[in-house]
Structure formats: C-alpha cells, structure tokens
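Working notes, beginning with the structure itself.
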Amino acid sequence: MRGVNKLVLAIAVLLLAASCNKKDVPQKDYFFTFKVKMSKKITEPTIINGYYGTMNLYKGDFSVSDSTNTKQPVPATYEILLFETSQKDVIDATSYLKDGKLFYDLKKIKKAKVEAKFIITPNKSGFYQFDPNDADYLALICINKRTGYYPGGMATLPSPNGSTRKLDMRVDYQATF
C-alpha cells in the first residue's frame, strides 16, 4: 500500500510540473518605484552606503550682506526623484530655460513612460538619506507636479561604492545672489 501512495504522489508531482508552461508565466518586465519618506526623528545618517544631507529653500534676495538682517534659507521638503542613468537623453529632451534657470517638464517625462526609481521625501527639517545599491542615478527635485529642477541642471549621482556621502541640496530658482 505504501508503494502505491508514493507512486500516486510521484505521478501527481510530475503532472503538476508538466502542466506549468513558460508561456503561462507573465513575460512583461515590471518596474517598481521605491518611495522613501524620512521620519522626523532622523536627523543624521543611519545608512552605511549612500547619500544624505539637507534640502534648503533659498527664496528672495541673498545678495545683500547686511549684518543686522541676514537672510537664511529654510528647510524644504520637495521630493527628490532618482532616475536610472539610461533615461538621461529622454529627460534632457524635456528641459527648458526660464529666467536663466534650467527646468524639466515632469509631465513630458511621464508621457515618455520614464518613471523615477526612487522618490525620497525629506523630513520637516529638510533631512534625507538613501542607499542607491551601488548604482548611478540622475537626480531632480520635484518643485511641483509639472516641474523638476536641480541647480545647474540635472545631477548624476555616482555610486558611493560602500561609503556615505554628504550632499546638501539647494532649491534656489527663486533667489538672487
């Protein structure tokens, strides 16, 4: 009787394995976006590989150096969008100049089916951190649903190769220096 049970089990496993065809498995590639929102309790890096820093908003006239009324930037919480470097040409094609600053049309980027691999939201004090897993990424700051910005144009963030790098981000498109 035991031999019959083992034989039935072996035949069932064989039939199950034979019924699985490669064409039954979805062949479409899937792309995932990782959303990272920083806790307000984190104010220094807790990662051992990656980038960290603060994001500050510079708005107004910073060219006047009056010692009694010094203008200071304020912490910003704009989302940081990290794209795969293979998408550089598509993203560059959406750039435009406005008031001498380079911006990127996020709607056109989305329409071209380019999605950010990481979306990092700094906490209320502007602190952020992320681990890029030894890959290079393109960085933009999402200043509104339609507009991306990075001082001097889109940044390429090289893999930190096992180190932690400080990178403070300035949102200065509304400032004069």
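The values are calculated or read from the model by the stated rules, or taken from the named source; none is laboratory data. Quick caveat: nothing in here was measured; it's all calculated off a predicted structure. With ideal geometry, Cβ positions are generated from the backbone for all residues, glycine too; neighbour counts draw on all protein chains shown. Surface accessibility is based on the protein's heavy atoms, side chains included, excluding ligands, DNA and RNA. Shrake-Rupley method; radii C 1.70, N 1.55, O 1.52, S 1.80 Å.
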Self-check item: Percent accessible area from carbon and sulfur atoms, segment 75-177, protein chains only, probe 1.4 Å
Solution: 48 percent
Quiz item: For segment 117-176, what's the relative contact order in percent, using C-alpha pairs closer than 8 Å and at least 6 residues apart?
Solution: 28 percent
Quiz item: Given a 1.4 Å probe, how much area per residue of segment 74-170 is accessible, in Å²?
Solution: 52 Å²
Quiz item: Ignoring ligands and nucleic acids, what accessible area does Asp168 show with a 1.4 Å probe (Å², nearest 10)?
Solution: 80 Å²
Practice problem: Might you work out the accessible area of Val114 for me, using a 1.4 Å probe with all protein chains in place, and round it to the nearest 10 Å²? | Solution: 10 Å²
Practice problem: Using a 1.4 Å probe and counting only protein heavy atoms, arrange Phe34, Phe118 so the residue with the most accessible area comes first. | Solution: Phe34, Phe118
Quiz item: Could the peptides 50-60, 155-165 be put in order, highest first, of the mean number of other beta-carbon atoms found within 10 Å of their residues?
Solution: 50-60, 155-165
Quiz item: Zone of Lys88 (label point 7 Å along Cα→Cβ, backbone N under 12 Å): which residues in segment 137-177?
Solution: 137-139, 154-158
Exercise. For segment 120-132, take each phi angle, set θ = phi - 60°, evaluate the Karplus expression 6.51 cos²θ - 1.76 cosθ + 1.60, and give the result in whole Hz per residue in order, putting x for glycine and proline.
Key: 10, 10, x, 7, 4, 8, x, 6, 9, 7, 7, 10, x
Quiz item: What accessible surface, in Å², does a 1.4 Å probe find on Tyr104, ignoring ligands, DNA and RNA and rounding to the nearest 10?
Solution: 10 Å²
Quiz item: How do Ile143, Ile91 rank by accessible surface area computed with a 1.4 Å probe, from largest to smallest?
Solution: Ile143, Ile91
